[in-house]
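*Asks:* My questions will all concern the structure given below.
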Amino acid sequence: FPRAPEAVLASLAHLDSPRAWELRTRWLAERGGLDAAPATYLRARALARSVTGLESARAWAIRKAARNNAPVAALTSLKGTLGGKAWLWRERAIGRAPKAVLSTISGVDDPRAWAMREETAPRCREALDSMAGLDHPIAWELREKYVDVWPPSVVKSLGVLVNGDRGHQLLLRALAHHPEQISLLKQAAIIAT
């Protein structure tokens, strides 16, 4: 902590233990408290990262304090949070920061997550990336619809589903239509192994 306080702080993501909160509190106290501590981007980013996945009132206070100087870090700290406040933040930011918001719903099977994926898929490949391995009717619809727009992301989104007939056929279709795409070949090799 004395040598790399921001790195230690960021490493507290997903930790809601008393010991983790002691370190957060110490870091804040040494920097003038919650109002002064996130005054720079690097500090605000470390502070936001420290509460990734946490939904307590203290975590929300930190996230809000960090938002002004590190808005993307504040948004990405929502990963692993599924409460009402987290969804409200996502809904408000999806138009301005779709990639950041989509990174927070990776693997989430929730109607609100599917609506966000459907809304952003035409312009943002991360909508497909966020549904890797999900075997849901909307996931298959999105894969089919965007296989020629985002072929590497569609293939990546299959994950273990490539072992099934539908996934295998979609992989073959993507490879047949886009054999020159190195990124697609890379994703195909990754899921094949």
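*Asks:* Here are some conditions: (1) over 15 Å from the mean Cα position of the chain (by Cα); (2) over 27 Å from Ala7 (Cα atoms); (3) among the β-branched types (Val, Ile, Thr). Ile62 meets all but one. Which one does it not meet?
*Replies:* Condition not satisfied by Ile62: (2).
*Asks:* Would you check if there is a residue in the stretch 62-69 being out of contact with any Ser or Thr (no Cβ under 6 Å at 6 or more places or on another chain), open to solvent by less than 80 Å² (accessible area, probe 1.4 Å) and either of a type in the set (Ser, Thr, Tyr) or within 20 Å of Ala127 (Cα to Cα) (or both)?
*Replies:* Among the residues of the stretch 62-69, not one is out of contact with any Ser or Thr (no Cβ under 6 Å at 6 or more places or on another chain), open to solvent by less than 80 Å² (accessible area, probe 1.4 Å) and either of a type in the set (Ser, Thr, Tyr) or within 20 Å of Ala127 (Cα to Cα) (or both), which makes the answer no.
*Asks:* Let me ask something else about it. Which of the residues that make up the stretch 18-53 are over 21 Å from Ala86 (Cα atoms) and among the small types (Gly, Ala, Ser)?
*Replies:* If the condition is that a residue be over 21 Å from Ala86 (Cα atoms) and among the small types (Gly, Ala, Ser), then Ala20, Ala29, Gly32, Gly33, Ala36, Ala37, Ala39 are the ones that fit.
*Asks:* Given the condition open to solvent by 80 Å² or more (accessible area, probe 1.4 Å), of a type in the set (D, E, K, R), more than 22 Å from Ala127 (Cβ to Cβ) and at pLDDT 95 or above, answer yes or no: does some residue in the stretch 70-85 qualify? Explain how you work it out, then say what you get.
*Replies:* Step one: of the stretch 70-85, the residues open to solvent by 80 Å² or more (accessible area, probe 1.4 Å) are 72, 79, 82, 85.
Right, trim to of a type in the set (D, E, K, R) and you get 79, 85.
Now narrow it down to the ones that are more than 22 Å from Ala127 (Cβ to Cβ): 85.
Now narrow it down to the ones that are at pLDDT 95 or above: 85.
There is at least one residue in the stretch 70-85 that is open to solvent by 80 Å² or more (accessible area, probe 1.4 Å), of a type in the set (D, E, K, R), more than 22 Å from Ala127 (Cβ to Cβ) and at pLDDT 95 or above.
Conditions (1) closer than 20 Å to Ile190 by Cα; (2) in contact with a helix residue (DSSP H, G or I) (Cβ under 6 Å, 6 or more places away or on another chain), marked per residue:
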{"residue": "Arg123", "(1), (2)": "no, no"}
{"residue": "Ala127", "(1), (2)": "yes, yes"}
{"residue": "Gly133", "(1), (2)": "yes, yes"}
{"residue": "His136", "(1), (2)": "no, no"}
{"residue": "Glu141", "(1), (2)": "no, no"}
{"residue": "Pro151", "(1), (2)": "yes, yes"}
{"residue": "Val160", "(1), (2)": "yes, no"}
{"residue": "Asn163", "(1), (2)": "yes, no"}
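*Asks:* Are any residues in the stretch 32-45 under 16 Å from Ala61 (Cβ atoms) and either among the polar types (S, T, N, Q) or surrounded by 17 or more Cβ atoms within 10 Å (Cβ to Cβ) (or both), and if so, which ones?
*Replies:* Leu34, Ala37, Pro38, Arg43, Ala44
The values are calculated or read from the model by the stated rules, or taken from the named source; none is laboratory data. Note that the structure is predicted; figures quoted are calculated from it, not measured. As a convention, Cβ positions derive from the backbone with ideal geometry for all residues, glycine included, and neighbour counts pool all protein chains shown. Remember, those area values only see protein heavy atoms, side chains included, never the ligands or the DNA or RNA. Shrake-Rupley method; radii C 1.70, N 1.55, O 1.52, S 1.80 Å.
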